[in-house]
Amino acid sequence: MSRTLRGARALHGDDVAVATPAFATVAPDAPSIPGYLEQVYSWAYVTPRAVETFEREWLVNAILFGNYARLRDAALDELGRRVRGLTLQVACVYGNLTARLLGRLAHDARLEVIDILPIQIANLRAKLPADGRVTLRQADASALPQPDASVDQALLFFLLHEQPEAVRRATLAEAMRVVRPGGRIVVVDYHRPWRGHPMRGLMRMVFHRLEPYAIDLWHHPIDAFMPRDVPPAAMIRETYFGGLYQKVVITR
Ligand SMILES: C[S@@+](CC[C@H](N)C(=O)[O-])C[C@H]1O[C@@H](n2cnc3c(N)ncnc32)[C@H](O)[C@@H]1O
C-alpha cells in the first residue's frame, strides 16, 4: 500500500488531534481556512488530489528549476548542522525539508510545525518517522499560538509569496513576536530575478495566472513587510539562481 493510500483517512478527515504514538500532537483550536487558500491555492494544497499530485520530490524540484535541494540546505544550514533548542517551522511543505530538519535535531531539541490545513498536517505526519521531539498542530501563521519569545528560531520556506500583503505582514510580525531576542527567522522565497533572466517571463506569467501575491516579492524586499515596532537586530539577504530566489536571515 502506498504512503498516500495509508494516509487517505487522515487526508480526508479532521482527525488532526488523534496522536500517532510517539508524536506529540496538540489539539487544534481549529482556525478557519483563509479565503486566499480556498480561492487561489485550492489546486495546490487544499484537496486530497492536490496533495497526491504535488507530494513528489521531483515535481517540487522541477517547479524550483532544479534548486530544491540547494534552497532546502541553505535554509537548514542557517538553523545549524546540529539544530538545538526549539525550532518552529511555519507551514508544511511538500518534499523532505521537515524530514531533513528532523535529521539534524539534537537529542534534546524540539521541533514544532504548524499549518492552517489539517490535510497538510496529516500529510506531513505520514512522511515523518514517529518522534516525540516533534509537535504538529493546526494553526494560523498570522496568529501563532506560541507565547512571546518562546522559540529559538523559525523557518518560513516559500510561505510569504502565497499570502496577501496583510497576512504576510501579520506572519512576519508573529514570527518576530514568538522568536526570542537574539534568535533567528530564516526565510526562503521568491525574489526579483536579474534583467535578462531566462525564466523571468515564464515566472511573471505563472504568478499572474496562479500566484497573484508572489509578484510583491519582486517589487519589495522582505524588509518592507516587517513590523515597524520591533526592529530586527540584523537582516542578511542572499540571492540564488540569478536572483529568482532569496534567503533572508533575520536576527530578532
Ligand atoms: C509553506 S507553503 C510551501 C510551498 C512550497 N512550494 C512547497 O513545496 O510546499 C504552503 C503551505 O502553507 C500553508 N499556509 C498558507 N497560509 C497559511 C497560514 N496563514 N497559516 C498557516 N499555514 C499556511 C498552506 O496550507 C500550505 O500547506
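The values are calculated or read from the model by the stated rules, or taken from the named source; none is laboratory data. This one's a predicted model, so the numbers in the text were calculated from it and none came from an experiment. Ideal geometry is used to build each Cβ from the backbone, glycine not excepted, and the neighbour counts take in all protein chains shown.
The table below lists the values:
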{"read-out": "Residue among ARG100, ARG72, ARG104, ARG81 that alone is without any contact (Cβ under 8 Å) to a residue 24 or more places away in the chain and in contact with a helix residue (DSSP H, G or I) (Cβ under 7 Å, 6 or more places away or on another chain)", "value": "ARG81"}
{"read-out": "Residue in the range 188-211 that is out of contact with any helix residue (DSSP H, G or I) (no Cβ under 9 Å at 6 or more places or on another chain), within 14 Å of the ligand (Cβ to nearest atom) and closer than 22 Å to VAL83 by Cα present", "value": "no"}
{"read-out": "Residue check for THR171: closer than 23 Å to ILE215 by Cβ, within 11 Å of the ligand (Cβ to nearest atom) and either crowded, with 20+ Cβ neighbours inside 10 Å or modelled with pLDDT under 95 (or both)", "value": "yes"}
{"read-out": "Restricting the range 27-50 to residues that are surrounded by 12 or more Cβ atoms within 10 Å (Cβ to Cβ) and modelled with pLDDT under 90, the residue that is nearest to the ligand (Cβ to nearest atom)", "value": "PRO31"}
{"read-out": "Filter result for LEU97 (buried (at least 19 other Cβ atoms within 10 Å of the Cβ), within 11 Å of the ligand (Cβ to nearest atom) and more than 24 Å from ASN61 (Cβ to Cβ))", "value": "no"}
{"read-out": "Yes/no for ALA234 being in contact (Cβ under 8 Å) with a residue 12 or more places away in the chain, surrounded by fewer than 20 Cβ atoms within 10 Å (Cβ to Cβ) and small (Gly, Ala, Ser)", "value": "yes"}
{"read-out": "Residues that are of a type in the set (Asp, Glu) and in contact with a Pro (Cβ under 6 Å, 6 or more places away or on another chain), drawn from the range 35-92", "value": "none"}
{"read-out": "Residue within the range 150-161 that is within 16 Å of the ligand (Cβ to nearest atom) and either surrounded by fewer than 21 Cβ atoms within 10 Å (Cβ to Cβ) or without any contact (Cβ under 8 Å) to a residue 40 or more places away in the chain (or both) present", "value": "yes"}
{"read-out": "Flag for GLY196 being of a type in the set (Gly, Ala, Ser) and within 15 Å of ILE215 (Cβ to Cβ)", "value": "no"}
{"read-out": "Number of the condition not met by GLY182 [criteria: (1) assigned to a strand (DSSP E or B); (2) crowded, with 18+ Cβ neighbours inside 10 Å; (3) among the small types (Gly, Ala, Ser)]", "value": "(2)"}
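This table checks each residue for (1) modelled with pLDDT of 95 or more; (2) acidic (Asp, Glu); (3) over 12 Å from the mean Cα position of the chain (by Cα).
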position: LEU59; (1), (2), (3): yes, no, yes
position: ILE63; (1), (2), (3): yes, no, yes
position: ASP77; (1), (2), (3): yes, yes, yes
position: GLY95; (1), (2), (3): yes, no, no
